[in-house]
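Inspection log for the structure reproduced underneath, given as structure tokens.
The values are calculated or read from the model by the stated rules, or taken from the named source; none is laboratory data. What you are looking at is a predicted structure, and each value in this text was computed from that prediction instead of being measured. Neighbour counts are summed over all protein chains in view; Cβ atoms, including those assigned to glycine, are modelled from backbone coordinates with ideal geometry. Each accessible area value is taken on the protein alone, full model and side chains, heavy atoms only, with ligands, DNA and RNA left out. Shrake-Rupley method; radii C 1.70, N 1.55, O 1.52, S 1.80 Å.
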There are 4 protein chains.
Amino acid sequence: MIIVLKPKTSKKEKEKVIKKIHSLGLKTMVSQGVERTIIGVIGEEDALRVQPLEAFPGVEKVIPVLAPYKLVSREFKPQNSVVKVKNVSIGAKQIVIMAGPCAIENLKTLRAIAKSVKESGATVLRGGAFKPRTSPYSFQGLGKEGLKMMRDVAEEYGLVSITEVIDPRDVDLLAKYVDILQVGARNMQNFNLLKELGKIKKPILLKRGMMSTIKEFLMSAEYILSEGNFNVILCERGIRTFENFTRNTLDINAVPAIKMLSHLPVIVDPSHATGKWELVTAVSKAAIAAGADGLIVEVHTHPEQAASDGEQSLKPLNFRNMVKEVAAIAKALKRKV
Amino acid sequence: MIIVLKPKTSKKEKEKVIKKIHSLGLKTMVSQGVERTIIGVIGEEDALRVQPLEAFPGVEKVIPVLAPYKLVSREFKPQNSVVKVKNVSIGAKQIVIMAGPCAIENLKTLRAIAKSVKESGATVLRGGAFKPRTSPYSFQGLGKEGLKMMRDVAEEYGLVSITEVIDPRDVDLLAKYVDILQVGARNMQNFNLLKELGKIKKPILLKRGMMSTIKEFLMSAEYILSEGNFNVILCERGIRTFENFTRNTLDINAVPAIKMLSHLPVIVDPSHATGKWELVTAVSKAAIAAGADGLIVEVHTHPEQAASDGEQSLKPLNFRNMVKEVAAIAKALKRKV
Amino acid sequence: MIIVLKPKTSKKEKEKVIKKIHSLGLKTMVSQGVERTIIGVIGEEDALRVQPLEAFPGVEKVIPVLAPYKLVSREFKPQNSVVKVKNVSIGAKQIVIMAGPCAIENLKTLRAIAKSVKESGATVLRGGAFKPRTSPYSFQGLGKEGLKMMRDVAEEYGLVSITEVIDPRDVDLLAKYVDILQVGARNMQNFNLLKELGKIKKPILLKRGMMSTIKEFLMSAEYILSEGNFNVILCERGIRTFENFTRNTLDINAVPAIKMLSHLPVIVDPSHATGKWELVTAVSKAAIAAGADGLIVEVHTHPEQAASDGEQSLKPLNFRNMVKEVAAIAKALKRKV
Amino acid sequence: MIIVLKPKTSKKEKEKVIKKIHSLGLKTMVSQGVERTIIGVIGEEDALRVQPLEAFPGVEKVIPVLAPYKLVSREFKPQNSVVKVKNVSIGAKQIVIMAGPCAIENLKTLRAIAKSVKESGATVLRGGAFKPRTSPYSFQGLGKEGLKMMRDVAEEYGLVSITEVIDPRDVDLLAKYVDILQVGARNMQNFNLLKELGKIKKPILLKRGMMSTIKEFLMSAEYILSEGNFNVILCERGIRTFENFTRNTLDINAVPAIKMLSHLPVIVDPSHATGKWELVTAVSKAAIAAGADGLIVEVHTHPEQAASDGEQSLKPLNFRNMVKEVAAIAKALKRKV
């Protein structure tokens, strides 16, 4: 950590800052510049992180040198992590395709979608039973009834299942019915939920908040790992920007950036990242080319009757073609679908 | 709601869309333009809102005409709402000052801060017992112990108390100890939490998410009102932008904008909106001048020892001066502190 | 165009709006909804675009239906445009690689870089002679001297040349020395410059402003086409967002989105879009996978001595590997480098 | 400047960096931390600023300590600067009100507006003769004809005149006709234009780019001052964010922030900052309360016939009331209109 003092800071003020640092068991190294004094801190920076050094008179700014995350970092674990669920490995050579409806609506539709995405190459079935909706008047999901449908249909078609959890009180229930628990963008900083998920062993798919930096994203993953659950998959799903032609802006830079900073697998959600089904195939190919380990895609047999997100859902035929095009990219990278 | 069709949409596709609208009990009015066909929908727009019309072949875009919120809107209730808690009225002529530490640290410090802010003109004591922190390794608050301190100190100094709730499981506990429950920016779209808060009668201070639109903000308030609790205070606390000299960007436009759209009281948090104590007084005056009904300010007797947010906390003397300057503005507006 | 009236708009106000529209030679179609009146406008929408209808009493909002650009749109020209310069075609099957230093520094370095990028597969040499720099104290480019070096070196190695123009007074000078003129992000809305570029016949590479929407980007291209120059190449180079790990956020969605809306070729600048050379290869592959027609990449033989942008420049060896990896992606798409 | 090295940087790499710094006549101070080595640079930081140290192997990041601007900084000149034009002083005790139409349309309208704003308390008349418009098909201004009208009308009513310059070739022409030259948001980084404006003596009103940080804003002002023209007025006019209810987001924090960092006067444009005339009065009061030295407001006698920006223009009566309300705020601050 580096502390920059304001010009004209008094000797007494300077000494107060240094004393504070020493009191935490850290050493200091003072550089007297032409216009500014700089204090370098030597030792375990974490001891200082929680101290409001910027509130000391004379302190102009405090610059952390080390990343605040530990367990998720590549420095902690240089090799890629692979999350295994049944016969599916996420973060290995194979690109994993997760697909399904935004919300579970009824058994018949879910079965039809599951059958179709399985045939096209998906290995994981997605679908929401508890839906976080902007409006209290929108469809909120089938709840437990939906979980049962998800379990039955996933088993019937030999698919791994994933669904979203939005309440810490539901963690045990969901863990009973599905294989992977998903944290949505709006809950990325619902820290109590993250802590509960750190206590179970099931894999967690953590979506990046639409307003969260890569650093905050990794810190949220750190919450889960720090409770003991290392089975975390990160998902870039688009961030909010000024551009409004698309629903969100897929932060494609984040894919190689996270791979550089962390050992965790990274997948991309092209459906929410664009909000337009016409763009889904192109950005899916881009995501894989950038190094993503998989995709989570909204597919519906009848998007125009979907209970939500119809405008960004692919129809089965388009999905099939998308998987084929993604497979060609994967092959060029010496990976496969 | 207005539906714009793509050029070259077939007659059959057009009829499918119209049939769908009619099946929901709505009427249509079709305008055949030079390049586009436009379908105006007449009737209760809500019936259509949940339908993925954009997924119909031939539909280019769907434009809602009415706001999606009802109970929070000024059309629903033209007069300003006033939220009353003990002897404090929020949204009335008097500007309400809420002040206190970011986190409750210990009884002695809390008492000292409470005494000081009371003397300077604050009527509400703020302080966090459950802290949502970006890092799992940061101080997470004193929990129930902190709530008790808050209750005792607020009573001792005749202050109304406010603290943050971050978990739906804690709502009843907090309601027992404090007067106003606060929803933080990170939980603005924690819908299950909002629903629980709609079921109690205590006033709720809802902070705007740092990357939430005004419309989404009002929709989140709608969640609380739609469950029966109309005692909601809205709080603008700065949004996330590309500017990084300040911690956030106070959206001052939002103050008169929300006043125009909604009847609910609006207050401003100048501490989080700037992240720099040097700017707090200036933007506090701006907030009141723009029409805000109050302020929620971080004050600490020793910011350099604060467990969090020290760099944006005012010292008691600065806070006193701030209140004086704010009072002068309030007087110019024929309001008072 | 659709005009939505406020509730309780008087009959007289409504008639004033309709009269205004009729006075422009347009027809109206009025839909009387339950809560709002909607006026659909039939005829050439452009006549209305410049009219401040929102300033009429009673008007709540005005919603344009048609895109404001004409000549750049796919509706105007459904086939992809190909921009030809010497032996290079941009927008055709072959992926075009433009590479070179940020700034032209001296003849020796430029020759070394040109030789190296040519050998690796680039066909266009980039390099700035007039540099727009945030600070007046930074290196501002070699000016005319640099242009001559660019011309000589490009000819020596059989490369097409591209350089940035920042002043309408320089257009003729640059057109004499280089093959493609580039408009930088900061000048995307320097409309007088765009008009001058519309009057010449040389190809123009137009970079997207870092905070410009896709629509504004296309409107700026429209300025050039509307003056008669259809040889425009669009370049996505990253937009400004809250994320600060990277210099900008590459808007990968924009690649297929622009392809959908416009017939013009689209290339991507992975160097500015990331600001970190370590990420350049991954996002270059992503750009091509998303459908881009080429790349413009910063390459320097000695980045640590570069006069600007050293941290995002690839070294020749890394560039060579990048081109190879991009070529594999291109092949998977049935294109080639 | 501080240079942070990556873990495991070799001794040789470290020495290369240090050698480079020494070669520029600077001293170094090396702190060997537990995980990172930090190099503090002592001496004139500017020598290093243009060097791409981040491109050196082993360098993780480079952190500048000093602000890159000099002449605009409060460290350079601690007292507030006052810009004087005829009988108007900007940056002194009196709040300056600039008002007028977005574009100069014809003599009659301009005279009517000038008369009205003068009576309400404005001392500066605004109006555009050269308009930068997003669309090439929109009204582009009356040009030289408009300048003459502006000069004549300003003289007739004893007002100071201000108009926008968009092309370096027009600077001399404009300087002949008007008192203050305005640089619009889209041209804030049109550096050649800024340089030309630095060579004249007339006051320059520099608007913040909608995508520019406070630091970049001050750097652009530095361009003008560094050429010798110290008569610069800064104007905050709203930045672009994700919020779309308003046209832009007024960055009210920027007012006290710039006052802290710079000695230059600061005014606010509430018309562009909101894009809605209904919000203009509230945010004008906020701007003055936050410490702004003046306002620049769009006023039109018939907004519904305005050639541009009608929806954000105040009518004369609303403007008169706005000035009264602003005057009450000014009085509370011991300033006056």
Filtering the stretch A:253-278 down to residues that are buried (at least 24 other Cβ atoms within 10 Å of the Cβ), in contact with a helix residue (DSSP H, G or I) (Cβ under 7 Å, 6 or more places away or on another chain) and among the hydrophobic types (A, V, I, L, M, F, W, C) yields A:Ala254, A:Val255, A:Ala257, A:Ile258, A:Leu264, A:Val266, A:Val268, A:Ala273, A:Trp277
Can you name the residue in the stretch D:44-59 that is more than 9 Å from chain C (Cβ to nearest Cβ) and either open to solvent by less than 20 Å² (accessible area, probe 1.4 Å) or touching a His at 6+ places or on another chain (Cβ under 7 Å) (or both) and, of all such residues, is modelled with the highest pLDDT?
D:Gly58
Which of the residues spanning the stretch C:311-327 are charged (D, E, K, R) and either part of a loop (DSSP other than H, G, I, E, B) or more than 10 Å from every other protein chain (Cβ to nearest Cβ) (or both)?
C:Lys315, C:Arg320, C:Lys324
With the requirement that a residue be open to solvent by less than 10 Å² (accessible area, probe 1.4 Å) and closer than 20 Å to C:Lys84 by Cα, what does the stretch C:134-164 give you?
C:Met150, C:Ala154, C:Leu159, C:Val160, C:Ser161, C:Ile162, C:Thr163
So, D:Ser212, is that one hydroxyl-bearing (Ser, Thr, Tyr) and farther than 27 Å from C:Thr213 by Cβ or not?
no
Scan the stretch C:271-287 and report the pairs whose first residue is at the interface with chain A (Cβ under 7 Å from one of its Cβ atoms) and whose second residue is part of a helix (DSSP H, G or I) and open to solvent by 10 Å² or more (accessible area, probe 1.4 Å), with Cβ atoms within less than 6 Å and a gap of 6+ or a chain change.
C:Leu279/A:Pro256; C:Ala282/A:Pro256; C:Lys285/C:Glu325
Would you pick out the residues in the stretch A:19-29 that are surrounded by fewer than 16 Cβ atoms within 10 Å (Cβ to Cβ) and under 15 Å from A:Val62 (Cβ atoms)?
A:Leu24
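For residues that are more than 9 Å from chain D (Cβ to nearest Cβ) and free of Cβ contacts under 8 Å to residues at least 60 places away in the same chain, tally how many sit in the stretch B:254-265.
Here is the first cut: in the stretch B:254-265, the ones more than 9 Å from chain D (Cβ to nearest Cβ) are B:258, B:262-265.
The next check asks that each one be free of Cβ contacts under 8 Å to residues at least 60 places away in the same chain; those that pass are B:258.
Adding up the residues that qualify gives 1.
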Being farther than 29 Å from C:Arg240 by Cα and open to solvent by 20 Å² or more (accessible area, probe 1.4 Å): is that true of A:Lys202 here?
yes
Can you pull out the residues in the stretch D:200-219 that are within 8 Å of chain C (Cβ to nearest Cβ), among the aliphatic types (A, V, I, L, M) and touching a Ser or Thr at 6+ places or on another chain (Cβ under 7 Å)?
D:Met219
Scanning the stretch A:165-181 for residues that are more than 26 Å from A:Val88 (Cα to Cα) and outside any loop (DSSP other than H, G, I, E, B), which turns out least open to solvent (accessible area, probe 1.4 Å)?
A:Pro168
When you go through B:Phe245, B:Phe217 one by one, which is the residue that is within 25 Å of C:Glu243 (Cβ to Cβ) and buried (at least 24 other Cβ atoms within 10 Å of the Cβ)?
B:Phe217
Hey, could you check the stretch C:101-133 for residues that are in contact with a Lys or Arg (Cβ under 6 Å, 6 or more places away or on another chain) and modelled with pLDDT under 95 and say which is surrounded by the fewest Cβ atoms within 10 Å (Cβ to Cβ)?
C:Pro132
Quick check on the stretch A:32-43: of everything there that is facing chain D (nearest Cβ under 7 Å) and open to solvent by 30 Å² or more (accessible area, probe 1.4 Å), which residue is modelled with the lowest pLDDT?
A:Val34
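How about the stretch A:328-337: which of its residues are on the phi < 0 side of the Ramachandran plot and open to solvent by 60 Å² or more (accessible area, probe 1.4 Å)?
Filtering the stretch A:328-337 for residues on the phi < 0 side of the Ramachandran plot gives A:328-333, A:335-337.
Those that are on the phi < 0 side of the Ramachandran plot and open to solvent by 60 Å² or more (accessible area, probe 1.4 Å): A:Lys331, A:Lys336.
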Selection count, the stretch D:184-199, where residues are open to solvent by 20 Å² or more (accessible area, probe 1.4 Å) and at the interface with chain C (Cβ under 9 Å from one of its Cβ atoms)
3
Specify the residue that is nearest to D:Leu206 (Cα to Cα); the eligible residues are those in the stretch D:102-149 that are in a loop (DSSP other than H, G, I, E, B) and among the small types (Gly, Ala, Ser).
D:Gly127
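For the stretch B:303-327, which positions are open to solvent by 40 Å² or more (accessible area, probe 1.4 Å), farther than 23 Å from B:Leu110 by Cβ and either touching a helix residue (DSSP H, G or I) at 6+ places or on another chain (Cβ under 8 Å) or among the hydroxyl-bearing types (Ser, Thr, Tyr) (or both)?
B:Glu325
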Quick check on the stretch D:288-302: of everything there that is touching a Ser or Thr at 6+ places or on another chain (Cβ under 7 Å) and open to solvent by less than 10 Å² (accessible area, probe 1.4 Å), which residue is nearest to the other protein chains (Cβ to nearest Cβ)?
D:His300
